[in-house]
């Protein structure tokens, strides 16, 4: 827990100005909102919630752009604030159309509008090269962004390579044989108005990032120091047994359960107890619970529904066959652009240093029902066939044993490794960092 975390309750923490930025986007004649997540206070001269200007940016390492999943909200990135700060990562997370201060647009123009707005955010920050992190269906938006501006991941000669980091990338259901493909579009469309489904949505999100784990224990019965010590000792023994069993069962996996959440680094580092109007105290509020409430109050799930329909191949003009064609064509075109740009940058008149292509990291969860094994194998093969894997300087594949589709972004160890990789460390060093706690500040 940082001193900054302990000094504020969740209401104060989630109200920080850096989580609620917005700028005008000249490309779309609209505003776009975004969050600055991670280690911004360390690197910005102007202070935590002062305006960040271009002169602040050279002090820090390269920006990481988080393209959120189908939750399509900056709140998805705020979940990572603690572990990003611990690892010295500066991250920007845009809201997609219909979320936050970003106005909604027709479904057919969501992706193009989001790409244009993201470019405007990066220009406002004075950024011309990024690392990219994405999860689930967010990588489809990442692909459109890079098709439009491949220079974002092409460094200047002798500059460090960019990193593309994909957690549980979603694969169209007809290619992955996911049971999600059986959902009729009519059921997905009715979800926003079905109040009884909100509980299921909350359960999915809390399971997704482990945000419910800490909240349950925070207002439980009080423990004595002796019982806490014994409980911790028993917990460590059970964890060691579970991990050894997983290693025997999944010898080729990169990570093994049990997975520890990173939420207590920031989001759940404090619990607020507020008085109601009559003076009685209400149930303590964890940061993760409050974040979910803010997300729902700000965006609901109507915009999410549009993205689910797109991923499921159930939108007008983008059925499964068309989505498959779009995906292959865009991967192939991005590979071509990367090869041509890196070659052109390297062929300087004076024989300058070569430009490094990006590194590609895929993090798969082996119990992912949204992208089952068939889908994971298909995407691995597609990256080879379209030439994107070959256009990258290296491709890395990490497997999280016993993990579900949304578990990797919620895991402390996995995100330590991902962020170490993002900072340019070798795969071996990144995996070592995944198991090594950062020095407490």
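Quick check: the distance between the Cα centres of region 383-417 and region 84-129, to the nearest angstrom?
Answer, in whole Å: 22.
Would you mind ranking 303, 102 by Cβ crowding within 10 Å, fewest neighbours first? Could you put the intermediate results ahead of the total?
On the way: 303 23, 102 27.
In order of increasing Cβ crowding within 10 Å: 303, 102.
Can you tell me the relative contact order of region 362-402? Whole percent, Cα pairs under 8 Å, sequence separation 6 or more. If you can, show how the numbers build up before the last one.
On the way: 28 pairs, mean separation 28.9, N = 41.
Once normalised by length, the contact order is 71 percent.
In nm, to one decimal, how far is the modelled label at residue 151 from the one at residue 385, with both set 7 Å along Cα→Cβ?
3.3
Once you put a point 7 Å from the Cα of residue 129 and another 7 Å from the Cα of residue 296, both along the Cβ direction, what distance in nm separates them?
That separation, rounded to one decimal, is 4.4 nm.
To make sure I understand, if each residue's beta carbon is the centre and we count other beta carbons within 10 Å, what order do 143, 267 fall in, fewest to most?
Arranged by neighbour count, lowest to highest, 143, 267 become 143, 267.
Does region 111-163 come out rounded, prolate or oblate by the C-alpha gyration tensor, with a ≥ b ≥ c the root eigenvalues, rounded set by a/c under 1.5 and, if not, prolate when a/b is larger than b/c and oblate if not? Please report the intermediate quantities before stating the final value.
Values: a/c = 2.08, a/b = 1.37, b/c = 1.52.
Judged from the Cα gyration tensor, region 111-163 comes out oblate (a/c at least 1.5, b/c at or above a/b).
Rule-based calculations on the coordinates, nothing more; no lab input. Note that the coordinates shown come from a computational prediction; the quantities given were computed from them, not determined experimentally. Here the Cβ is made from the backbone with ideal geometry for all residues, glycine too, and neighbour counts use every protein chain on show.
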